[in-house]
Amino acid sequence: MPHKELSSTTKSILTLLNNANDLIVVSNRRKEARDVIRALKAYARDKNYPVPEEKIDNFMAVLIDCRPNTLSYLLTDIAQTVVQQQ
C-alpha cells in the first residue's frame, strides 16, 4: 500500500496529541494536557480540519480519573483516526 505524505496540519495535530500524551504520562500534568487538547480543537476548527470530536470529548470526560495508560491509548486512537481521515 503506498504511503501518503501527511499534510502540515495533520503533523501539527499529531504533535499536539503527542505533547498531551507526554504531559500525562511523563509529567502527570493533566490540566495542562486539557489545555493542549482545547488548543488542538481550536486549531482544527480554524483550519477547517475534521477531527474526531466524539473521541476527543470522551477523552476530555475521563482525563482526570483514568490511568495514564488508558489515556495514552485514547490519544493513540484519536491520532490514528486523524491520519485515516486525512
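Odds and ends about this structure:
- Leading residue by the ranking (surrounded by the most Cβ atoms within 10 Å (Cβ to Cβ)) among those in the range 18-33 that are of a type outside the set (A, V, I, L, M) and more than 14 Å from the chain's Cα centre (by Cα): Arg29
- Of all residues in the range 70-86 being part of a helix (DSSP H, G or I) and touching a helix residue (DSSP H, G or I) at 6+ places or on another chain (Cβ under 6 Å), the one that is nearest to Lys4 (Cα to Cα): Val82
Rundown of residues vs (1) hydroxyl-bearing (Ser, Thr, Tyr); (2) over 20 Å from Gln84 (Cα atoms); (3) within 11 Å of the chain's Cα centre (by Cα); (4) surrounded by 15 or more Cβ atoms within 10 Å (Cβ to Cβ), yes/no style:
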position: Glu5; (1), (2), (3), (4): no, no, no, no
position: Ser8; (1), (2), (3), (4): yes, no, no, no
position: Leu16; (1), (2), (3), (4): no, no, yes, yes
position: Asp35; (1), (2), (3), (4): no, yes, no, no
position: Arg38; (1), (2), (3), (4): no, yes, yes, no
position: Pro50; (1), (2), (3), (4): no, no, no, no
position: Glu53; (1), (2), (3), (4): no, no, yes, no
position: Asp57; (1), (2), (3), (4): no, no, yes, no
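- The range 44-55 residues that are modelled with pLDDT of 95 or more, paired with ones that are of a type in the set (A, V, I, L, M, F, W, C) and part of a loop (DSSP other than H, G, I, E, B) (beta carbon under 8 Å, 6 or more apart): Ala44/Val51
The values are calculated or read from the model by the stated rules, or taken from the named source; none is laboratory data. No experiment lies behind these values; they were computed from the predicted model shown. We place every Cβ from the backbone using ideal geometry, glycine too, and count neighbours over all the protein chains shown.
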